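Asks: Can you read through this structure? Questions will come right after.
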Amino acid sequence: MITGPTSGIGQAVSLSLAAGGFHIVAAARSEEKASRVIDQVKESGGSAEFLHLRLDDLATVARAARTYADQGRPLDVLVNNAAAGTRRGLTVDGFELQFGVNHLGHFLLTHHLRRTFRPGTRIVNVTSSMYLRAPGIDWSRLQRKTRSPYGLREYAVSKLANILFTREFAGQQPDWRTYAVHPGMTDTSIVPSYAKPFLRGRLQSPEEAAKTVVWCASAQELQNDSGGYFSRMQRREVNSIASDDALANELRKRSEAWCGVSPHH
């Protein structure tokens, strides 16, 4: 299952994993946009289906996960890729949009899909080196509208949350393999149009950026690095904030409370 499969890195990951023999569950807001990717997968000899998912609405996230889980099919790979890049506003549930979509929506999706996981299932959380710009998490800001110029601070916090969630989930669930991936600066809609002229020559293609995501999702040699942060197909160290176990634990507890779930249900 791949969130945000309709363009950019998500589309490239979908096509690559399909070529590797995976059946693709394209989890997206728009069935029309998802159908284009599904058609590409099928034209290349693969198989795919659509799952309606709105990460900015927690009730819809829970419904999507249950729709899949109730079918009784196991899930081998979950790629939490979709992101609200530098967009302003609030989610349906009143959370700052980037935190709500990039972390909280994926947190709840992963929680409700747990009964479809089996030993060895892989959860790949697409993050960003932008997390380095986050000095920590100001809990009081997470239910306010975007305040910083271009939303960069909020984006950085959401990407820090992705790494903290990866570390915490890996510690809580040792039977599954959980990875955080920084795909690198990529020519997608996440990069604001005003910035692209200044990044000419530094932006990679979505296909290039997808390689480490696909590797973490499928490589046989990658077995014992659950909880790790990866870039360019190598494990990388994270800073002291992203490796703060107490902060990761607090984020999990607050996320459970905000989503109305407990760790055992």
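Asks: Within the set of pairs 6 or more residues apart or between chains, which connect a residue that is free of Cβ contacts under 8 Å to residues at least 60 places away in the same chain inside the range 210-235 to a residue that is assigned to a loop (DSSP other than H, G, I, E, B) and surrounded by fewer than 21 Cβ atoms within 10 Å (Cβ to Cβ) with Cβ atoms less than 6 Å apart?
Replies: From residues that are free of Cβ contacts under 8 Å to residues at least 60 places away in the same chain, the pairs are 212/233; 215/233; 235/225.
Asks: Take residue 108 and decide whether it is more than 22 Å from residue 182 (Cα to Cα), within 18 Å of the chain's Cα centre (by Cα) and in a helix (DSSP H, G or I).
Replies: Judged against the criteria, residue 108 is not a match.
Asks: Residue by residue through the range 92-105, note down the ones that are over 12 Å from the mean Cα position of the chain (by Cα) and of a type in the set (Phe, Trp, Tyr).
Replies: Passing the criteria: only 95.
Asks: Would the range 169-185 turn up any residue that is over 23 Å from residue 119 (Cα atoms) and at pLDDT 95 or above?
Replies: Yes, because at least one residue in the range 169-185 is over 23 Å from residue 119 (Cα atoms) and at pLDDT 95 or above.
Asks: So is residue 122 modelled with pLDDT under 95, surrounded by fewer than 24 Cβ atoms within 10 Å (Cβ to Cβ) and either over 22 Å from residue 212 (Cβ atoms) or over 10 Å from the mean Cα position of the chain (by Cα) (or both) or not?
Replies: no
Asks: Quickly run through the range 220-265 and pick out the residues that are closer than 24 Å to residue 108 by Cβ, modelled with pLDDT of 95 or more and exposed (fewer than 13 other Cβ atoms within 10 Å of the Cβ).
Replies: 245, 246, 253, 257, 260
Asks: Next up: Of all residues in the range 74-91, which are surrounded by fewer than 24 Cβ atoms within 10 Å (Cβ to Cβ) and more than 15 Å from residue 110 (Cα to Cα)?
Replies: The answer is 85, 86, 87, 88, 89, 90, 91.
The values are calculated or read from the model by the stated rules, or taken from the named source; none is laboratory data. Everything numeric here is computed off the predicted structure, so don't read it as measured data. Quick reminder, even Gly has a Cβ in these numbers, built from the backbone with ideal geometry, and neighbours come from all protein chains shown.
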